[in-house]
Each structure stands twice: as structure tokens, then as C-alpha cells.
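To start, the structure itself, in C-alpha cells.
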Amino acid sequence: MTGSVKQVPSVKPPLKSRPLAASAIIFGGLALLLVSLIASISVGAADISFGEVWQAIFQFNADSTQHLIIQQLRLPRAIAGALVGAAFAVAGAIMQGVTRNPLSDPGILGINAGAGFMLALCFAFLPQLPFHYVILFSFLGAAIGTGLVYGISALAKGGVTPVRIVLAGAAVSALLLALSEGIAISYHIGQDLAFWFAGGVAGTKWLQVDIMAPWIIVALLGAFFISPWITLLSMGEDVATGLGLRTGLVKLAAFVLVLVLAGAAVATVGAIGFIGLIIPHIVRYLVGVDYRWIIPTSAVLGGLLVVLADIGARMVNPPFETPIGSIIALIGVPFFLYLARKKGRD
């Protein structure tokens with residue numbers, strides 16, 4: 001007598017995902033981002049009404065001083081803030097998903113410092129270099145910073161661990177920052193580099209937005225495209241490999257996307273830290289661990305954070321502006337210490 005063998009279906013790790021919450025946050029965040037962009041254009045040394053902003057965008061009058069201020073100064077500044085906030089947040093989300101390190105962030109892991117170091121070299125030795133080449137050098141610097149961090153971590157006994165990556169990132173960031181400051185002093189470019197050290201969108205022009213935006217937009221689309229694979233990697237490399245994922249190829253793609261996002265953002269607004277640390281953690285708490293929702297939600301909330309921080313930077317001590325990096329650090333440093341303490345307990 002032959003008995004039938006019952007097939008046992010393969011069991012995949014359960015995913016905690018909240019698509020309805022994610023959709024609500026994305027659409028609500030986009031609405032808040034639009035309002036924040038209008039507010040960012042209105043607030044400043046010369047306050048401008050919402051109606052005047054609307055006319056300057058859709059009925060531009062070249063003879064109006066307020067319209068010129070909006071078109072040439074405030075509009076590119078607001079758009080740049082939204083784009084770089086999305087770039088930093090998505091870069092952090094990708095890094096945390098691929099490395100499974102909750103402390104991963106472009107600023108903590110030496111990416112921002114590497115890009116800033118290369119910018120210092122550009123200002124010192126190639127002062128007339130066009131901005132689209134500056135971005136390429138920023139990508140190279142980000143790659144150098146990341147390579148140093150992971151190389152130092154891998155040399156330690158026991159290989160790469162989250163704690164070793166953070167310690168190596170702190171050491172490499174300090175080294176590259178010191179070298180950048182040394183170059184600034186030796187070649188008298190301290191004032192030029194001060195903006196990038198502090199971080200901010202003040203002074204951003206349409207030329208920078210036009211060059212930076214395609215890089216960031218394409219990288220954001222690429223991040224969304226590989227988001228299902230990042231979800232598998234976030235469950236563990238063994239699980240991802242068992243499900244047939246080519247983990248090496250996915251990690252390479254993720255690495256390139258992070259370099260493009262962080263490099264373009266740093267070249268435009270400087271090394272603003274903690275965005276890529278704070279936003280992905282908040283997003284995972286709200287929408288779950290599916291990166292098909294984490295990536296777009298992080299992009300929206302990251303852009304919103306920077307735009308709101310830019311508004312706050314102009315309101316803290318008017319008519320002077322506080323660096324955006326300082327405002328975000330007031331939130332980011334306690335958040336980082338909380339995560340580090342929580343990781344230590346775990």
C-alpha cells in the first residue's frame with residue numbers, strides 16, 4: 001500500500017508591514033512638504049505672502065524685486081532642501097537594510113567626511129572647477145571614506161561588526177575632517193569650506209539644483225527598484241541567499257546608490273548628519289520592515305525634515321541664520337545615544 005507524501009510549503013520569514021499606514025504617511029507627508037516649501041519660500045529677511053509666492057511661480061514678473069528673490073534665491077533653496085533631505089534619508093535606509101546595522105548613516109560611517117575632504121582638495125587645487133565635476137569628485141571622496149571604514153573594520157579580529165563599523169567611522173571621519181581643515185588653513189580656503197562644514201542650503205542656485213537633481217532623482221528611483229531585494233537582505237544574508245538572491249550584486253548596486261545620494265547631497269549643501277539615522281528608524285516604526293514602503297516614506301519625511309529645519313534656521317536668530325546641521329544635530333545626537341545604548345543592552 002503506497003501512501004501519498006504531503007508537500008510541505010516553504011515558509012518565508014513573516015514581514016511586518018503596514019501598507020495602509022505607509023500610504024497615508026506618504027500622501028500626508030507630500031501635502032505637508034508642499035505647504036512647507038511654500039512657507040520656506042515665504043519666510044526670510046523679507047517676509048513674502050503666499051499670494052505673492054503663487055504669482056512669482058505661475059505669473060513671474062521680472063520687474064518685481066520680490067518675484068526675483070523668490071525665483072533666484074528661495075525657490076532653488078527650498079527645492080534643494082527637499083532633494084538632499086530625501087537623498088540623505090534614503091541613503092541611510094539602504095545602509096541600515098544592507099548592513100543590518102541600526103547605527104548606519106552617511107555621516108557616521110565616513111561617507112560625508114570623505115566627500116567633504118575631496119571638496120577641500122577641489123577648492124584648494126582646482127578652484128575654477130565646474131560644479132558638475134565637483135559632484136564627481138564628491139562621489140569619489142564618499143567612496144574613499146566608505147572604503148577606509150569597511151577596510152579598517154574588516155582588518156580587526158572577528159571581522160566587520162556594527163560596533164567596529166561605528167568606531168572606525170568615527171576615527172575615519174575625524175581624520176578626514178582634520179585633513180580638510182589643514183588644507184583649508186594652508187591654502188586660505190577656510191571661509192569657502194565653512195559652509196560645507198556647517199551644512200546648509202543658503203546660497204543654493206539653480207545651476208546646482210539643475211546638476212544635482214538628476215543624480216538624486218535617478219538614484220531614488222534605483223533605490224525603489226531594488227527595495228524588494230534590500231528587504232530580503234535585511235532579514236539576513238543566509239535567508240536572502242536561500243531565496244535565490246544574488247547578494248553580492250545587490251550590495252554593489254546599493255553601495256553605488258548610497259555614494260550617488262550622499263555624494264550629490266554633500267556637494268550641494270555640505271555634510272549634514274543624522275538625517276539618514278533618524279528618519280529610517282522612525283519610518284520602520286511606523287510602516288514596518290518592508291523596504292518597498294520604507295524607501296519612499298523615508299524620501300518624503302527626509303525632505304520634510306530638512307525643509308522644516310531650514311525654516312527653523314531662519315527663525316532662531318533673525319536676520320542671521322543658524323546652520324541646518326546644528327539644528328538637526330540637536331535631535332540627532334540624543335537619538336544616536338539612545339540607539340547606541342539600546343544596541344548595547346541588546
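The values are calculated or read from the model by the stated rules, or taken from the named source; none is laboratory data. Not measured: the values here are computed from a predicted model. Counting neighbours? That spans all protein chains shown, and the Cβs are built from the backbone with ideal geometry, glycine included. Areas reflect the complete protein model, heavy atoms only, side chains present, ligands, DNA and RNA absent. Shrake-Rupley method; radii C 1.70, N 1.55, O 1.52, S 1.80 Å.
Quick notes
- Compactness check for region 126-201: Cα Rg over 2.2 N^0.38 Å is 1.32.
- Residue-span extension gain [GLN72 to SER326] - 0.36 nm each, minus C-alpha spacing: 88.9 nm
- On region 296-346, 69 percent of the accessible area sits on carbon and sulfur atoms, based on a 1.4 Å probe.
- Prolate/oblate/rounded label for region 217-262 (Cα gyration tensor, a/c 1.5): prolate
- Rounded to the nearest 10 degrees, the inclination of helix 75-99 to the longest alpha-carbon principal axis of the chain is 20 degrees.
- Annotation: peptides 289-295, 99-105, ranked by per-residue average of other Cβ atoms within 10 Å with the highest first, follow the order 289-295, 99-105.
- Under 5 Å, built H, 5+ apart or other chain: amide partners of ALA271: GLY199
- On Cα atoms only, tilt of 275-287 relative to the major axis of the chain in degrees: 50
- Here the accessible area is traced with a 1.4 Å probe on the protein chains. For region 87-171, carbon and sulfur cover 74 percent of it.
- Fully extended contour minus Cα-Cα distance, from ILE57 to PHE27, at 0.36 nm per residue: 8.5 nm
- C-alpha long axis of helix 111-125 to longest principal axis of the chain, angle in °: 40
- Length-normalised contact order for the chain - Cα pairs under 8 Å, 6+ apart - percent: 31
- By definition, a body whose alpha carbon gyration tensor gives a ≥ b ≥ c is prolate when a/c is 1.5 or more and a/b is larger than b/c, and region 178-225 fits this prolate description.
- Peptides 37-43, 140-146 ordered by packing proxy, namely the average of other Cβ atoms within 10 Å per residue, highest first: 140-146, 37-43.
- Ranked from largest, the principal axis spans of the Cα set of region 191-346 equal 58, 40, 25 Å.
- Residue-span extension gain [ALA39 to THR241] - 0.36 nm each, minus C-alpha spacing: 68.0 nm
- Taking a ≥ b ≥ c as the square roots of the eigenvalues of the alpha-carbon gyration tensor, the chain is classed oblate because a/c is 1.5 or more while a/b is no larger than b/c.
- Distance in nm between pseudo-label sites at ALA170 and LEU126 (7 Å out along the Cβ direction from Cα): 3.4
- Accessible solvent surface per residue of the chain, calculated while the other protein chains remain in place, 1.4 angstrom probe, Å²: 49
- Cα-projected label distance for TYR187 with LYS16, points at 7 Å along beta-carbon direction, nm: 4.9
- Max mean-square fluctuation residue, GNM over the chain, Cα-Cα springs under 10 Å, options LEU126, LEU233, LEU259: LEU126
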